[in-house]
Every structure is written in structure tokens, then in C-alpha cells.
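Take a look at the structure set out below.
The values are calculated or read from the model by the stated rules, or taken from the named source; none is laboratory data. Not measured: the values here are computed from a predicted model. Positions of Cβ are generated from backbone atoms using ideal geometry, with glycine treated the same way; all protein chains shown enter the neighbour counts.
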Amino acid sequence: MATSLLKWIDQNLILFLEVIVVFLVFRLLQNSRTLRRKNTSLRQEREVIFDFVHNIGEVFADAEDIKADTLLKRILFFATKTGKAASGAIYLFNTDRSQLFARAVSGIFPPLYDTGSAHTEQQLLTKAQHLETLVKTRSVAAGEGLIGSAAAFGSGIIIEDAEIDARVPVYTEPFLKIRSLLIVPMRFGNEVLGVIALINRTDGLPFTSADLSLLQAMADQASVPVHYTGLKAALEQKRQIDRDMQAAQQIQASLLPQQLPQIAGARLAAYNLPALNVGGDYYDFIQIDDEHLGIVIADVAGKGIGGAMMMAVCQGVLRARAAQEQSPARMLSELNRVLSANLAEDMFITMLYMILNTRTRELKFARAGHERPLLKRANNGAPEALDAAGIAIGLADAEIFDNAIKDISVQLASGDVVVLYTDGITEALNEKNEEWGTARLLQTIETESSGGVDSLTKTIRSRIAQHVGAQQQYDDITLIALEVQ
């Protein structure tokens with residue numbers, strides 16, 4: 001009996017040991033397969049990370065030397081490559097940050113908003129470029145839809161199953177269907193520049209949280225060159241404006257008198273101080289004949305190249321026609337007809353044109369909406385404003401302008417002083433936003449004109465400078481003083 005029991009134990013022990021061995025072998029094989037899968041997964045993740053680092057490097061390559069659109073296309077190419085996406089788009093805010101515009105599009109990128117009708121979808125099918133045009137031309141407001149929300153809140157959006165998400169538009173055509181999507185903000189510091197949106201993985205799988213993290217990391221890195229490329233573009237635009245301003249300044253400097261005319265029977269003084277480098281003020285003296293001197297002062301509502309060119313046209317017409325037309329009103333009417341067709345909608349010109357007869361001392365003038373000239377009689381203490389009807393050049397058609405403007409004639413005497421000026425004189429502001437004003441100008445003319453026009457002009461200039469102090473000058477300052485001898 002004991003022998004049989006021992007034999008049974010031996011047999012079953014061997015069987016038990018065999019089972020244990022089989023179980024251990026199975027677990028070893030299972031662990032080995034698990035380790036291989038983990039190693040494969042780690043290798044794949046490592047490859048993804050290496051690809052990501054490589055792609056980031058490619059994005060930054062020569063970033064400072066390429067244009068913004070080229071840089072955005074490059075970023076989008078590597079974003080779709082990193083995310084294994086079939087299509088994508090980069091939206092950036094406009095200047096006032098109210099709207100987002102698609103600046104780069106890759107692949108068949110369906111609009112992430114309601115296109116309005118089946119007819120629109122049918123139009124998209126006709127040509128692939130129609131789809132890209134639709135996406136690029138239709139702006140998205142901050143906070144509107146998926147694109148606007150990601151930009152407004154500065155956070156990423158992942159939709160694994162787009163077909164059951166009410167926020168995603170539904171398209172009937174298979175190639176327009178959205179199965180899965182990613183949207184991440186492009187952030188530079190605390191500012192959101194725009195978003196990157198990817199649609200549909202090429203392997204048919206949904207986007208994962210790992211895809212979202214990688215795309216966000218790429219967007220954060222890519223935002224750096226995008227930000228500085230924008231600054232570069234703004235700097236280049238400023239340089240172009242500076243070049244235009246420099247050209248306009250040269251034009252203006254060539255138009256203003258280089259020296260004052262020396263004429264018998266009268267003495268002249270003038271000064272011009274342009275604001276912001278290039279002004280809209282213009283003045284000139286035209287020797288019509290031995291007895292007549294033309295004097296013009298104008299203010300062009302528009303600076304830069306446009307204002308400078310209008311000054312050039314004014315000078316050309318005045319100098320060409322002055323000898324034939326000795327009516328200031330008719331001269332200004334002719335200028336209005338010539339310039340009105342060429343003035344921009346927001347541009348007009350106020351002008352005062354005078355003709356002085358140096359023999360008879362008669363002064364004729366017409367005023368096209370300009371500040372009234374001031375007359376200080378030698379035998380009267382208070383200066384007076386000489387009024388004349390008229391409309392600024394470019395504000396009315398020829399018939400209305402011609403009916404409004406009139407010639408005014410004034411007989412001057414020895415010692416009389418006439419002052420012409422632009423509104424920059426009286427509207428010069430100090431740090432308290434107080435204007436120098438007409439009253440101060442009249443007072444200065446009354447008390448200082450007896451010293452001659454050179455002294456009067458210098459005093460006016462000095463007092464304006466004292467009033468303005470360190471306040472930046474926003475309007476041009478021009479003044480002409482005429483003294484009859």
C-alpha cells in the first residue's frame with residue numbers, strides 16, 4: 001500500500017512539474033512578445049519624436065530670410081507630416097485681431113463652417129482651387145465656430161469622431177467628409193497669433209491626445225518665427241513709408257521758395273515748419289510782371305507722396321497761368337477744375353491767392369476755404385481779418401465752386417502789414433492741449449509789426465515754440481508777412 005502511494009505521488013509530481021514548466025515557458029514567451037511590442041512602440045515613439053525634432057529644425061531653417069507666406073506653407077507642410085493628416089490650414093489674426101484668415105491651406109481642406117447650400121458644395125467639386133479660394137476668402141470671427149473658439153480661448157481642440165459632433169459641418173461627398181480633427185492655437189507669449197487645424201489622419205485612425213500634444217508643441221515653436229516674420233514685414237513696411245516720406249520731403253523742399261523775392265515797394269518774410277517730416281502746407285511767390293507779384297499759401301489735407309504731388313500740380317498750374325490770368329478767383333476756379341478729378345476722396349486743398357500791384361499798392365485776393373488774411377494798418381492799432389467767400393478745392397463741382405468764389409480788392413498804404421498763415425499757427429497745442437489761438441496771433445501782430453516783418457515773423461515763431469514746449473507737433477506751420485513800403 002505504501003509503495004503504491006509513493007508511486008502515485010511520483011507520477012503526479014512529475015505531471016505537476018511538467019505543468020509548471022509549461023506555464024513558465026508560456027509566461028516567458030508572453031513576456032517576450034510584450035517586451036517586443038513595447039520595444040516596437042518605443043521605437044515608433046522615438047521615430048515620431050526624432051521626426052518632430054527634424055521637422056521643427058526644417059521649419060526654422062532660413063526662417064528669418066523667407067517671406068511670411070512661404071514660412072506658413074513650410075510650417076503647415078511639416079504640421080500635416082507630423083500629424084499624419086490628409087489636409088490642414090493655418091489661420092492668423094488680422095491687424096485689429098477681430099478676424100482670422102486662412103493664410104496657408106494644404107490638401108482638400110473642407111470649410112469648418114456652414115457653406116450655406118448644396119449648390120455651394122457642388123461648386124467646390126468643379127475645381128479644387130475653388131475650395132481653397134473659399135477657405136482663404138471667408139474670414140472667421142474670434143470666438144466663431146471651432147477655429148474662432150480655439151483662437152479666442154487659446155486652447156487646443158481634439159475631435160476623435162467628427163461625425164457625431166454637432167460642431168462639425170456635414171458634407172455628403174466622401175472626399176469632403178470630416179472624420180477626425182485637431183485644432184491648436186499658435187501662441188507667442190500671452191498672445192495668440194492664430195491656429196493650426198488638421199483634418200483626417202491618412203491611416204484612417206482618429207487623432208489621439210499624443211497627436212494633439214505634438215501638434216501643440218510644434219505650433220508653439222513655429223509661432224516664434226511667425227511672430228518675428230510679422231515684425232520684419234511691419235519693419236519693411238515702415239522702411240518703405242520712410243522712403244516715400246523722404247521722397248515726398250525732397251519734392252516739397254524743391255517746391256518751396258529757396259529765397260524770398262526782392263521787389264520794389266514791399267518787403268517779405270516767411271517761414272515753414274512741417275510736422276512729421278513731410279507737410280501738407282505750401283507757399284510760393286510768383287513774379288507775374290514788373291508790377292505784379294503773386295503770393296499763394298495753401299494747406300493740402302493729405303501728407304506724404306500724394307500731398308507733395310498735389311503741391312507740384314498747384315505750383316505748375318499757377319506758374320504757367322499767372323501771366324495770363326490776373327483774377328485770383330478765376331485762377332482758383334481753374335485749379336479746382338484741374339485738381340478735382342485727381343484728388344482722392346479724403347483729400348482737399350484750402351488756398352489763398354493774392355496779387356499785389358507794387359506800383360498802385362492794390363491787393364487783390366480770393367480765398368478757397370483758407371484762413372482769412374490779417375491786415376494791420378500803419379495808422380490803426382488793431383489788425384483786421386479780410387473776409388472773402390469761397391470753398392476748398394476738391395469739395396465741390398466747378399459750377400458750385402465758381403459761383404461761391406469772389407475777388408476782393410484792398411487798397412494798401414505805406415507801412416501796412418498783411419499776414420497769411422495756415423491753421424497750424426493758431427492750432428498749435430501745448431502739453432495741456434491748449435491752442436495758441438487767433439487772439440495771441442492778433443496781439444502779437446498788433447504789438448510787434450512796427451519792428452518790421454522779419455522781426456514779426458521771428459517773434460511769432462518764438463512765441464509758438466514757447467507755447468508748444470515739448471509737445472509733439474501734429475500740423476504744419478506756415479506764415480507769410482508782407483509789408484508795403
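With respect to the conditions (1) modelled with pLDDT of 85 or more; (2) touching a helix residue (DSSP H, G or I) at 6+ places or on another chain (Cβ under 9 Å); (3) assigned to a helix (DSSP H, G or I), Ile196 lacks only one, and its number is (3).
Taken together, the residues in region 411-444 that are buried (at least 16 other Cβ atoms within 10 Å of the Cβ) and assigned to a strand (DSSP E or B) amount to 6.
Applying the criterion of being without any contact (Cβ under 8 Å) to a residue 60 or more places away in the chain, in contact with a strand residue (DSSP E or B) (Cβ under 8 Å, 6 or more places away or on another chain) and in a helix (DSSP H, G or I) to the residues of region 313-339, the residue that is surrounded by the fewest Cβ atoms within 10 Å (Cβ to Cβ) is Arg319. Is it the case that region 460-468 has a residue that's closer than 27 Å to Asn357 by Cα, surrounded by fewer than 22 Cβ atoms within 10 Å (Cβ to Cβ) and touching a Leu at 6+ places or on another chain (Cβ under 8 Å)? No, that holds for no residue. For region 146-174, filtered to residues that are exposed (fewer than 13 other Cβ atoms within 10 Å of the Cβ) and assigned to a helix (DSSP H, G or I), the residue that is modelled with the lowest pLDDT is Pro174. Within region 350-370, the only residue that satisfies the criterion of being part of a loop (DSSP other than H, G, I, E, B) and buried (at least 19 other Cβ atoms within 10 Å of the Cβ) is His370.
Quick check on region 260-281. Is at least one of its residues under 16 Å from Gly307 (Cβ atoms), modelled with pLDDT of 85 or more and among the charged types (D, E, K, R)? Yes, there is a match, as at least one residue in region 260-281 is under 16 Å from Gly307 (Cβ atoms), modelled with pLDDT of 85 or more and among the charged types (D, E, K, R).
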